[in-house]
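Let me begin by presenting the structure, written as C-alpha coordinates, before commenting on it.
The values are calculated or read from the model by the stated rules, or taken from the named source; none is laboratory data. Predicted model only: the values in this text are computed from it and were never measured. No Cβ is skipped: glycine too gets one built from the backbone with ideal geometry, and neighbour counts run over all protein chains shown. With ligands, DNA and RNA removed, areas are computed over all heavy atoms of the protein, side chains included. Shrake-Rupley method; radii C 1.70, N 1.55, O 1.52, S 1.80 Å.
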Amino acid sequence: MMSGHFRVRAVGLLAGAGLLATAACGSGAAETATAGDKPRVVTAFYPLQWLAERVGGADIDVSVLTAPGVEPHDLELGAQQIADLEDATLSVYIKGVQPAVDDALAPRGERAFDAATAVKTLPAPAHAGEEEEAHEHEVSYDPHLWLDPSRLATVAGKLGERMAQADPAHAQAYQDRAARTAADLTALDQEMAKGLTNCTSKTMVTSHEAFGYLADRYKLKQIGITLDPETEPSPARIAEVAKLANAEKVTTIFTEALVSPKVAEVLAQEVHAKTAVLDPLEGKPANGDYLSQMRQNLKTLQTALGCA
Ligand SMILES: [Zn+2]
(Lines give C-alpha, C1' and ligand atoms only; values in the text may rest on other atoms or scores of the structure.)
Protein backbone atom coordinates (compact mmCIF):
# COMPACT_ATOMS: atom_id res chain seq x y z
CA MET A 1 0.00 0.00 0.00
CA MET A 2 1.20 3.49 -0.80
CA SER A 3 1.81 5.51 2.34
CA GLY A 4 1.08 9.19 2.65
CA HIS A 5 4.79 9.81 2.91
CA PHE A 6 5.36 8.39 -0.56
CA ARG A 7 2.53 10.32 -2.09
CA VAL A 8 4.02 13.57 -0.83
CA ARG A 9 7.44 12.55 -2.09
CA ALA A 10 6.14 11.65 -5.54
CA VAL A 11 4.43 15.04 -5.89
CA GLY A 12 7.65 16.71 -4.82
CA LEU A 13 9.58 14.82 -7.48
CA LEU A 14 7.13 15.77 -10.22
CA ALA A 15 7.29 19.42 -9.22
CA GLY A 16 11.08 19.20 -9.23
CA ALA A 17 11.12 17.65 -12.69
CA GLY A 18 8.86 20.43 -13.97
CA LEU A 19 11.18 23.11 -12.63
CA LEU A 20 14.16 21.34 -14.14
CA ALA A 21 12.52 21.17 -17.58
CA THR A 22 11.59 24.87 -17.39
CA ALA A 23 15.11 25.82 -16.41
CA ALA A 24 16.57 23.71 -19.19
CA CYS A 25 14.33 25.31 -21.81
CA GLY A 26 15.37 28.75 -20.68
CA SER A 27 19.09 28.07 -20.82
CA GLY A 28 19.49 26.57 -24.28
CA ALA A 29 19.40 23.15 -25.88
CA ALA A 30 22.97 22.18 -24.97
CA GLU A 31 22.10 21.80 -21.33
CA THR A 32 19.12 19.55 -21.98
CA ALA A 33 21.35 16.83 -23.44
CA THR A 34 22.69 15.56 -20.10
CA ALA A 35 22.21 11.98 -19.02
CA GLY A 36 19.97 13.18 -16.21
CA ASP A 37 17.23 14.09 -18.68
CA LYS A 38 16.44 10.51 -19.61
CA PRO A 39 14.20 8.32 -17.48
CA ARG A 40 16.37 6.05 -15.37
CA VAL A 41 15.48 2.38 -15.23
CA VAL A 42 17.15 0.22 -12.57
CA THR A 43 17.09 -3.51 -13.26
CA ALA A 44 17.74 -6.26 -10.71
CA PHE A 45 19.90 -8.69 -12.72
CA TYR A 46 21.12 -9.51 -16.22
CA PRO A 47 18.15 -10.83 -18.26
CA LEU A 48 16.06 -7.88 -17.07
CA GLN A 49 18.90 -5.47 -17.90
CA TRP A 50 19.12 -6.95 -21.40
CA LEU A 51 15.36 -6.64 -21.83
CA ALA A 52 15.25 -3.04 -20.57
CA GLU A 53 18.13 -2.01 -22.86
CA ARG A 54 16.41 -3.58 -25.86
CA VAL A 55 13.02 -2.04 -25.13
CA GLY A 56 14.30 1.30 -23.82
CA GLY A 57 16.88 1.89 -26.56
CA ALA A 58 18.43 5.35 -26.51
CA ASP A 59 15.43 6.85 -24.70
CA ILE A 60 16.38 5.59 -21.23
CA ASP A 61 19.42 5.02 -19.04
CA VAL A 62 19.56 1.42 -17.80
CA SER A 63 21.58 0.27 -14.82
CA VAL A 64 21.79 -3.12 -13.11
CA LEU A 65 22.04 -3.91 -9.38
CA THR A 66 23.88 -7.23 -9.76
CA ALA A 67 27.44 -6.71 -11.05
CA PRO A 68 28.71 -9.04 -13.80
CA GLY A 69 30.17 -12.24 -12.34
CA VAL A 70 28.07 -12.08 -9.17
CA GLU A 71 25.50 -14.81 -8.46
CA PRO A 72 22.30 -12.74 -8.03
CA HIS A 73 20.30 -14.78 -5.50
CA ASP A 74 22.20 -13.60 -2.41
CA LEU A 75 22.75 -9.98 -3.53
CA GLU A 76 22.99 -7.42 -0.75
CA LEU A 77 22.29 -3.79 -1.55
CA GLY A 78 24.62 -0.94 -0.63
CA ALA A 79 23.46 2.55 0.37
CA GLN A 80 24.16 3.90 -3.13
CA GLN A 81 22.09 1.18 -4.76
CA ILE A 82 19.17 1.86 -2.42
CA ALA A 83 19.47 5.56 -3.31
CA ASP A 84 19.47 4.65 -7.03
CA LEU A 85 16.28 2.64 -6.52
CA GLU A 86 14.69 5.60 -4.72
CA ASP A 87 15.45 7.89 -7.66
CA ALA A 88 14.62 5.49 -10.48
CA THR A 89 11.77 6.27 -12.85
CA LEU A 90 11.08 2.55 -13.03
CA SER A 91 12.63 -0.51 -11.38
CA VAL A 92 12.38 -3.95 -12.97
CA TYR A 93 12.72 -7.12 -10.90
CA ILE A 94 11.30 -10.59 -10.36
CA LYS A 95 9.93 -11.11 -6.89
CA GLY A 96 11.42 -14.24 -5.35
CA VAL A 97 14.91 -14.07 -6.90
CA GLN A 98 16.59 -11.58 -4.56
CA PRO A 99 15.16 -10.96 -1.08
CA ALA A 100 17.10 -7.69 -0.65
CA VAL A 101 15.64 -6.28 -3.87
CA ASP A 102 12.13 -7.49 -2.97
CA ASP A 103 12.37 -5.60 0.33
CA ALA A 104 13.66 -2.40 -1.27
CA LEU A 105 10.99 -2.39 -3.98
CA ALA A 106 7.98 -3.43 -1.92
CA PRO A 107 6.96 0.20 -1.21
CA ARG A 108 7.58 1.48 -4.77
CA GLY A 109 4.07 0.85 -6.06
CA GLU A 110 3.71 1.78 -9.73
CA ARG A 111 7.38 2.66 -10.04
CA ALA A 112 8.41 -0.98 -9.67
CA PHE A 113 7.59 -3.65 -12.27
CA ASP A 114 7.62 -7.25 -11.07
CA ALA A 115 7.99 -9.31 -14.26
CA ALA A 116 6.44 -12.33 -12.52
CA THR A 117 3.09 -10.49 -12.59
CA ALA A 118 3.16 -10.47 -16.43
CA VAL A 119 3.22 -14.24 -17.03
CA LYS A 120 1.68 -17.48 -15.84
CA THR A 121 4.14 -18.76 -13.25
CA LEU A 122 4.94 -22.38 -12.40
CA PRO A 123 4.85 -23.70 -8.83
CA ALA A 124 8.09 -23.54 -6.83
CA PRO A 125 10.03 -26.80 -7.06
CA ALA A 126 10.39 -28.93 -3.93
CA HIS A 127 12.63 -31.88 -3.15
CA ALA A 128 10.93 -34.72 -1.34
CA GLY A 129 12.59 -35.53 1.97
CA GLU A 130 14.59 -32.31 2.04
CA GLU A 131 14.09 -30.18 5.10
CA GLU A 132 11.79 -27.29 4.29
CA GLU A 133 12.92 -24.16 6.01
CA ALA A 134 10.30 -21.49 6.43
CA HIS A 135 11.92 -18.60 4.57
CA GLU A 136 10.37 -15.24 5.14
CA HIS A 137 10.90 -14.28 1.50
CA GLU A 138 9.89 -17.48 -0.19
CA VAL A 139 7.35 -17.16 -2.97
CA SER A 140 5.02 -19.96 -3.99
CA TYR A 141 6.17 -19.90 -7.63
CA ASP A 142 9.43 -20.65 -9.43
CA PRO A 143 10.94 -17.21 -10.25
CA HIS A 144 13.30 -18.35 -13.09
CA LEU A 145 10.81 -17.38 -15.79
CA TRP A 146 13.38 -15.75 -18.14
CA LEU A 147 14.57 -19.21 -19.24
CA ASP A 148 11.39 -19.59 -21.30
CA PRO A 149 11.80 -17.18 -24.25
CA SER A 150 8.05 -17.21 -24.93
CA ARG A 151 7.34 -15.92 -21.42
CA LEU A 152 10.13 -13.35 -21.75
CA ALA A 153 8.46 -12.16 -24.98
CA THR A 154 5.31 -11.49 -22.96
CA VAL A 155 7.37 -9.60 -20.37
CA ALA A 156 8.90 -7.50 -23.20
CA GLY A 157 5.46 -6.35 -24.30
CA LYS A 158 4.44 -5.45 -20.77
CA LEU A 159 7.72 -3.63 -20.15
CA GLY A 160 7.08 -1.58 -23.30
CA GLU A 161 3.72 -0.53 -21.85
CA ARG A 162 5.26 0.37 -18.49
CA MET A 163 8.01 2.46 -20.12
CA ALA A 164 5.42 4.18 -22.31
CA GLN A 165 3.40 5.10 -19.20
CA ALA A 166 6.51 6.39 -17.42
CA ASP A 167 7.68 8.43 -20.44
CA PRO A 168 4.66 9.15 -22.69
CA ALA A 169 6.70 11.37 -25.05
CA HIS A 170 8.45 8.25 -26.39
CA ALA A 171 5.54 5.82 -26.02
CA GLN A 172 5.51 4.71 -29.67
CA ALA A 173 9.27 4.01 -29.69
CA TYR A 174 8.99 1.83 -26.56
CA GLN A 175 6.12 -0.13 -28.03
CA ASP A 176 7.91 -0.62 -31.38
CA ARG A 177 11.10 -1.84 -29.72
CA ALA A 178 9.12 -4.09 -27.39
CA ALA A 179 7.42 -5.66 -30.43
CA ARG A 180 10.78 -6.24 -32.17
CA THR A 181 12.27 -7.76 -29.00
CA ALA A 182 9.24 -10.02 -28.55
CA ALA A 183 9.61 -11.13 -32.20
CA ASP A 184 13.29 -12.04 -31.63
CA LEU A 185 12.32 -14.02 -28.52
CA THR A 186 9.53 -15.79 -30.37
CA ALA A 187 11.97 -16.79 -33.14
CA LEU A 188 14.34 -18.17 -30.47
CA ASP A 189 11.47 -20.07 -28.85
CA GLN A 190 10.59 -21.69 -32.18
CA GLU A 191 14.23 -22.70 -32.78
CA MET A 192 14.43 -24.27 -29.34
CA ALA A 193 11.13 -26.09 -29.71
CA LYS A 194 12.25 -27.54 -33.05
CA GLY A 195 15.79 -28.33 -31.86
CA LEU A 196 14.62 -30.21 -28.76
CA THR A 197 11.89 -32.34 -30.33
CA ASN A 198 13.76 -35.49 -31.37
CA CYS A 199 16.14 -36.34 -28.52
CA THR A 200 17.39 -39.68 -27.17
CA SER A 201 17.08 -38.42 -23.60
CA LYS A 202 14.69 -35.90 -22.10
CA THR A 203 16.34 -35.64 -18.67
CA MET A 204 18.63 -32.76 -17.70
CA VAL A 205 20.57 -32.90 -14.43
CA THR A 206 21.40 -29.33 -13.39
CA SER A 207 23.41 -27.74 -10.55
CA HIS A 208 20.55 -25.70 -9.13
CA GLU A 209 16.95 -25.96 -10.14
CA ALA A 210 16.90 -22.95 -12.49
CA PHE A 211 15.57 -24.57 -15.67
CA GLY A 212 11.99 -25.44 -14.69
CA TYR A 213 10.46 -23.10 -17.28
CA LEU A 214 12.76 -24.31 -20.04
CA ALA A 215 11.96 -27.92 -19.15
CA ASP A 216 8.23 -27.19 -19.04
CA ARG A 217 8.22 -25.34 -22.35
CA TYR A 218 10.22 -27.94 -24.31
CA LYS A 219 8.90 -31.05 -22.58
CA LEU A 220 12.14 -31.96 -20.82
CA LYS A 221 12.56 -33.25 -17.28
CA GLN A 222 14.84 -31.37 -14.89
CA ILE A 223 16.60 -32.94 -11.92
CA GLY A 224 18.25 -30.11 -9.97
CA ILE A 225 20.91 -31.11 -7.47
CA THR A 226 19.92 -28.20 -5.21
CA LEU A 227 16.97 -25.82 -5.12
CA ASP A 228 19.16 -22.73 -4.83
CA PRO A 229 22.84 -22.07 -5.50
CA GLU A 230 23.76 -21.24 -1.89
CA THR A 231 22.66 -24.59 -0.51
CA GLU A 232 25.19 -27.42 -0.23
CA PRO A 233 23.45 -30.65 -1.17
CA SER A 234 23.32 -33.35 1.49
CA PRO A 235 25.07 -36.69 0.80
CA ALA A 236 21.60 -38.23 0.73
CA ARG A 237 20.50 -35.81 -2.01
CA ILE A 238 23.62 -36.51 -4.09
CA ALA A 239 23.01 -40.26 -3.75
CA GLU A 240 19.39 -39.77 -4.78
CA VAL A 241 20.33 -37.73 -7.88
CA ALA A 242 22.98 -40.32 -8.80
CA LYS A 243 20.34 -43.04 -8.64
CA LEU A 244 17.94 -41.05 -10.82
CA ALA A 245 20.73 -40.14 -13.28
CA ASN A 246 21.71 -43.80 -13.65
CA ALA A 247 18.11 -44.88 -14.11
CA GLU A 248 17.60 -42.24 -16.84
CA LYS A 249 20.99 -43.08 -18.49
CA VAL A 250 22.10 -39.46 -18.19
CA THR A 251 25.33 -38.76 -20.12
CA THR A 252 25.95 -35.16 -19.01
CA ILE A 253 25.71 -33.30 -15.70
CA PHE A 254 25.24 -29.56 -16.25
CA THR A 255 27.31 -26.98 -14.39
CA GLU A 256 26.89 -23.21 -14.49
CA ALA A 257 29.31 -20.31 -14.74
CA LEU A 258 28.57 -18.60 -11.40
CA VAL A 259 28.34 -21.69 -9.17
CA SER A 260 31.25 -23.94 -8.19
CA PRO A 261 31.19 -27.09 -10.38
CA LYS A 262 32.61 -29.28 -7.57
CA VAL A 263 29.42 -31.12 -6.62
CA ALA A 264 28.42 -31.64 -10.24
CA GLU A 265 31.90 -33.01 -11.02
CA VAL A 266 31.76 -35.48 -8.14
CA LEU A 267 28.33 -36.62 -9.28
CA ALA A 268 29.45 -36.90 -12.91
CA GLN A 269 32.33 -39.18 -11.86
CA GLU A 270 29.98 -41.31 -9.84
CA VAL A 271 27.58 -41.91 -12.73
CA HIS A 272 30.29 -41.94 -15.44
CA ALA A 273 28.93 -38.85 -17.15
CA LYS A 274 30.57 -35.75 -18.62
CA THR A 275 29.97 -32.21 -17.46
CA ALA A 276 28.97 -29.28 -19.66
CA VAL A 277 28.13 -25.66 -18.91
CA LEU A 278 24.45 -24.78 -19.25
CA ASP A 279 24.04 -21.08 -18.48
CA PRO A 280 20.94 -20.11 -16.46
CA LEU A 281 21.71 -16.50 -17.48
CA GLU A 282 21.52 -15.22 -13.94
CA GLY A 283 24.56 -13.08 -14.88
CA LYS A 284 25.77 -11.44 -18.08
CA PRO A 285 27.37 -14.06 -20.33
CA ALA A 286 31.11 -13.71 -21.00
CA ASN A 287 30.35 -13.31 -24.70
CA GLY A 288 27.26 -12.19 -26.56
CA ASP A 289 23.88 -11.56 -24.98
CA TYR A 290 20.73 -13.34 -23.83
CA LEU A 291 19.78 -14.47 -27.35
CA SER A 292 23.20 -15.81 -28.37
CA GLN A 293 23.75 -17.53 -25.00
CA MET A 294 20.36 -19.23 -25.20
CA ARG A 295 21.33 -20.49 -28.67
CA GLN A 296 24.56 -21.79 -27.13
CA ASN A 297 22.47 -23.49 -24.42
CA LEU A 298 20.37 -25.08 -27.16
CA LYS A 299 23.53 -26.55 -28.80
CA THR A 300 24.76 -27.81 -25.41
CA LEU A 301 21.40 -29.47 -24.73
CA GLN A 302 21.23 -31.04 -28.20
CA THR A 303 24.67 -32.61 -27.74
CA ALA A 304 23.99 -33.81 -24.19
CA LEU A 305 20.51 -35.17 -24.89
CA GLY A 306 21.32 -36.64 -28.29
CA CYS A 307 18.89 -34.55 -30.32
CA ALA A 308 18.64 -35.06 -34.07
ZN1 LIG B 1 18.48 -19.37 -9.62
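Points worth noting:
- Rounded, prolate or oblate (a/c below 1.5 giving rounded, otherwise prolate when a/b exceeds b/c) for segment 73-221 by Cα gyration tensor: oblate
- Here the extension length gained between Ala58 and Gln80 equals 5.5 nm, from 0.36 nm per residue of separation less the Cα-Cα distance.
- Excluding ligands, DNA and RNA, the accessible surface per residue across segment 182-254 is 45 Å² with a 1.4 Å probe.
- With all protein chains in place and ligands, DNA and RNA left out, the 1.4 Å accessible area ranks Val277, Val271 as Val277, Val271, largest first.
- Helical mean residue ellipticity (222 nm; -39500 (n - 2.57) per DSSP H run of 4+; nearest 500) of the chain: -14500 deg cm²/dmol
- Largest accessible area first, the listed residues Arg217, Arg108 line up as Arg217, Arg108 when surface is computed with a 1.4 Å probe on the assembled protein chains.
- Carbon + sulfur, % of accessible area of segment 42-199 - ligands and nucleic acids excluded, 1.4 Å: 50 percent
- Computed FRET value (nearest 0.05) for Arg180 with Ala126, which takes r as the C-beta separation and R₀ as 35 Å: 0.40
- For the chain, radius of gyration divided by Kirkwood radius, i.e. Rg to Rh on alpha-carbons: 1.02
- Three principal axis extents of segment 50-96 based on alpha-carbon atoms, in descending order, are 30, 22, 20 Å.
- Mean Cβ count within 10 Å, highest first, over the residues of peptides 47-60, 252-265: 47-60, 252-265
- For the chain, lysine pairs with C-alpha atoms less than 17 angstrom apart, excluding pairs fewer than eight positions apart on the same chain, total 21.
- Ratio Rg/Rh, restricted to segment 178-308 and using Cα atoms, in which Rh is the Kirkwood radius: 0.97
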